[in-house]
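Throughout, read-outs are computed from the coordinates displayed, never taken from laboratory work. It should be emphasised that the depicted structure is a prediction, and the values quoted were computed from it without experimental measurement. Note that we place each Cβ from the backbone using ideal geometry, even for glycine, and neighbour counts take in every protein chain shown.
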Amino acid sequence: VQILGLAASIGFGVGGGSGFWGGLSNLGLTLTGTLAISGHGRAAEAEADQLAMVALGRAGFDVCAAPEAFAHLLERYPDRRGAETFFYADHPRLLDRRETATEAAERARGSACTPAPPSSAYLDQTAPLRAHLVELWVRAGRFDQAVADADRFLAADSARAVLWAWRAEALRRADPTPEQLAIAADDARHALALDPAVAVAHRTLGAIAEAQGDARAARAAYTAYLDARPDAPDRRYVRGRLAALDAPSPTP
């Protein structure tokens with residue numbers, strides 16, 4: 001039916017990758033992809049989940065952590081029916097997958113899954129990656145996403161200064177209200193209290209102070225930033241802000 005519909009819509013032209021035959025080629029890829037994704041029944045899917053849990057257990061992983069993948073997807077995409085239809089077709093929705101994955105994990109483990117606190121060693125090893133992800137969201141202009149991820153990471157690792165610093169920078173740059181600027185400043189100061197070497201927090205405080213018309217505080221914060229990061233990639237910009245703050249006010 002899809003092929004006949006395509007024929008009616010694109011005609012019977014030939015040549016190159018266009019027209020009917022090119023369209024059939026593209027449709028073939030589409031159908032192949034669809035069959036590869038959704039050509040399995042629920043029983044086969046459940047069996048695959050069970051075998052995956054067994055493999056994870058044999059490799060020494062905590063099988064109870066596997067269902068968290070579906071929990072993260074539910075958190076990030078709470079209402080994505082179109083995406084679920086594409087990826088799962090007639091398969092269970094994410095909530096069902098999380099429940100069946102939990103059941104499979106408990107069968108593989110031989111006992112009930114109970115929430116476990118994150119490993120401090122794991123948090124230490126992966127902290128730079130989490131902080132860099134939040135930084136990338138900020139640099140990409142995705143400030144809401146940066147704040148959301150920072151909040152999620154801080155919930156498990158609240159003493160990580162660099163996360164507080166990049167959360168502050170995201171709040172500052174997200175077209176903030178005065179209340180949000182105050183929160184951003186508090187976050188930046190908290191970051192420096194945890195680790196005075198987190199330079200980005202100084203820059204955030206400098207920008208906030210400048211926006212609020214506090215030239216003295218802005219100079220101090222910008223200077224502290226350059227002292228902490230003399231090789232900062234934006235050092236010329238920050239020096240420019242310092243020069244602007246030091247410039248005499250125009251005579252009325």
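Some values worked out for this structure:
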read-out	value
Segment 165-252 shape via C-alpha gyration tensor axes, a/c threshold 1.5	oblate
Net charge, Ala148 excluded, C-beta distance under 11 Å - Lys, Arg +1, Asp, Glu -1	0
Stretchable slack from Ala121 to Ala43, in nm (0.36 nm times residue separation minus alpha-carbon distance)	24.3 nm
For segment 171-252: relative contact order, % (alpha-carbon pairs under 8 angstrom, 6 or more apart)	20 percent
Between segment 92-161 and segment 180-252, the Cα center-to-center distance that results, in Å	32 Å
Ala140/Ala247 FRET efficiency (R0 25 Å; Cβ-Cβ; nearest 0.05)	0.15
Shape call, segment 96-252: gyration tensor on alpha carbons, a/c limit 1.5	prolate
By average C-beta atoms within 10 angstrom, highest first, the peptides 183-196, 228-241	183-196, 228-241
Whole-Hz ³J(HN,Hα) from phi, Karplus 6.51 cos²θ - 1.76 cosθ + 1.60, for segment 155-170, glycine and proline x	4, 9, 8, 6, 9, 8, 4, 5, 5, 4, 5, 6, 5, 4, 5, 5
